[in-house]
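The values are calculated or read from the model by the stated rules, or taken from the named source; none is laboratory data. It should be emphasised that the depicted structure is a prediction, and the values quoted were computed from it without experimental measurement. Reconstructed Cβ throughout: ideal geometry from the backbone, glycine too, with neighbour counts over all protein chains shown.
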Amino acid sequence: MAAGMLAVLPQGAGPAKSWNLSDITGNDDVALLSALVTQLAATECADPDRVVITGMSDGGDMAVFAACALPGRFRAVVTVAASIEPRVGCHRIRIVAIHGDADPVDPYRGKPGPPGYLATPPAATAIAAWAALDGCPTAATTRVAPHIALTTYPCGAQLVTVNGGGHTWPGGAPVNPTLGVTTSEYDATATILALV
């Protein structure tokens with residue numbers, strides 16, 4: 001409220017609380033998210049030109065899926081602990097991918113997907129594909145904290161690598177230790193707010 005921002009946290013449906021990325025749940029989650037933005041603009045004075053979509057893990061994949069399916073609907077997309085390449089037909093969009101390189105759930109170096117789900121590409125490969133979509137083939141990497149490296153493309157695509165980071169929200173409260181380390185050296189929420 002103090003920053004003049006509105007945060008809305010929809011939840012995936014069904015027993016697994018998952019998003020429909022591969023037509024397995026039968027839910028039209030893209031339509032839901034589009035209608036949600038329309039409703040927030042109409043009833044909550046949200047600026048439809050300043051909407052950033054974000055998510056963690058499966059929610060990060062859904063954020064990218066929605067950004068691709070709804071061209072021009074979002075100012076930027078931020079993913080945390082998720083790695084996904086642009087789909088055919090995706091348009092240019094500012095993207096920041098934040099990923100721990102010790103993530104035990106969505107490995108930084110990628111993994112094959114279970115039946116019905118997309119494979120997880122390596123984080124560096126995914127962000128390079130987004131940068132290529134934007135026409136930026138080269139990047140510069142800088143270290144901004146002892147365990148934080150930023151790989152930035154001139155077009156705005158960026159990979160934030162959390163060295164030793166787990167399947168967690170950087171800057172958030174620590175979670176179950178089996179999910180790995182939650183860093184305090186980087187604030188994912190602040191990154192989102194800076195893009196609004």
Next on the checklist: Take G89 and tell me if it is surrounded by fewer than 20 Cβ atoms within 10 Å (Cβ to Cβ), at pLDDT 90 or above and within 22 Å of G135 (Cβ to Cβ).
Outcome noted: no
Next on the checklist: Looking for something under 18 Å from the mean Cα position of the chain (by Cα), surrounded by 18 or more Cβ atoms within 10 Å (Cβ to Cβ), in contact (Cβ under 8 Å) with a residue 40 or more places away in the chain and part of a loop (DSSP other than H, G, I, E, B) - is there at least one such residue anywhere in segment 21-28?
Outcome noted: yes
Item to check | Number of the exception - A124 against (1) more than 30 Å from A3 (Cα to Cα); (2) hydrophobic (A, V, I, L, M, F, W, C); (3) in a loop (DSSP other than H, G, I, E, B) | outcome: (3)
Checklist entry - If R143 satisfies every condition in (1) assigned to a strand (DSSP E or B); (2) of a type in the set (D, E, K, R); (3) within 16 Å of S57 (Cβ to Cβ) but one, which is the exception? => result (3)
Checklist entry - Of (1) modelled with pLDDT under 85; (2) under 24 Å from T168 (Cα atoms), I24 satisfies all except one. Which? => result (2)
Checklist entry - From the residues in segment 145-185 that are among the β-branched types (V, I, T) and free of Cβ contacts under 8 Å to residues at least 24 places away in the same chain, which one is nearest to I127 (Cα to Cα)? => result T152
Next on the checklist: If a residue must be crowded, with 19+ Cβ neighbours inside 10 Å and over 20 Å from I84 (Cβ atoms), how many such residues does segment 140-179 contain?
Outcome noted: 1
Item to check | Residues of segment 41-92 satisfying the condition of being in a loop (DSSP other than H, G, I, E, B), in contact with a strand residue (DSSP E or B) (Cβ under 6 Å, 6 or more places away or on another chain) and touching a residue at least 40 places away in the same chain (Cβ under 8 Å) | outcome: R75, A81, S83
